[in-house]
Amino acid sequence: MAPLLLLLALCGTLRATTLVRYDLEGLTRNAACVLVATCRASSALLVDGQPHTRCTFEVAEVVKGQAGARLEICLPGGDFQGMRLHLAGMPEFTPGEEVVLFLTEPDGRGSPWPVGLGQGKFRVERNPAAKARVFQDTGEVRLLGAPGEALDGMELEELLARVRRIAGQGAPDGH
């Protein structure tokens, strides 16, 4: 009985997920594909009895790796017919949302994942009076490792140029 009480007490105090922190170089080097895309659809489904979310993206630009004009990913988590599964750090996507994604190779089910979960998703914010900027939302996770350079608010074009340099691709069209 005492081990069970100890386990229950520990479960009540374990609230944060800890992930290894990735800087821009780590995100780029660990990504099989980096792209700029817009989420066009998001729907819930069951996979092995657990809620998952399938998102479809329209790809605007491939910065590293290869991708077609359309990309589909399926990640654990979401709401399906009254069942909810929340995984700390797992990014969520909203139809119409423009993002820069750093993606792994496809998993056993054929779906890539964002590198470092929410760290591999940058939301693009456009303002007609200023240049587009990117923002990262890692949610309630705790990132382990040196803080590194702040990427939030970086201009989109600067982020993409740095990814190209890290990936050894230079700028497009010889610029």
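Values in this text are rule-based calculations from the coordinates and carry no lab data. The model shown is predicted, which means the values in this text are computed figures rather than measured ones. Glycine also receives a Cβ, built like all others from the backbone with ideal geometry; neighbour counts cover every protein chain displayed.
Of the residues 122, 30, 151, the one whose Cα sits farthest towards the positive end of the charge dipole of the chain is 30 (charges of +1 on Lys and Arg Cβ, -1 on Asp and Glu Cβ, taken about the Cα centre). Annotation note: trypsin sites (Lys or Arg not before Pro) in segment 75-175 located in DSSP loop regions with a Cβ neighbour count of at most 12 within 10 Å are 109. Among (i) 76, 47, 30; (ii) 68, 37, 35; (iii) 46, 32, 30, only one was calculated for this model; which label is it, if the read-out is Cα extents along the principal axes in Å? Among (i) 76, 47, 30; (ii) 68, 37, 35; (iii) 46, 32, 30, the one derived from this structure is (ii). So what's the angle, to the nearest 10 degrees on a 0 to 90 scale, between helix 156-167 and the longest Cα principal axis of the chain? Around 90 degrees separate the two axes. About its Cα centre, the dipole of the chain is roughly 180 debye, where the only charges are +1 on Lys and Arg Cβ and -1 on Asp and Glu Cβ.
Which listed residue (80, 65, 134) has the Cα farthest towards the positive end of the charge dipole for the chain, taking +1 on Lys and Arg C-beta and -1 on Asp and Glu C-beta about the Cα centre? Checking the options against the dipole of the chain, the answer is 80.
Pairing the Cα long axis of helix 2-13 with the longest principal axis of the chain, what angle in degrees results, from 0 to 90 and rounded to the nearest 10? Value to nearest ten degrees: 30.
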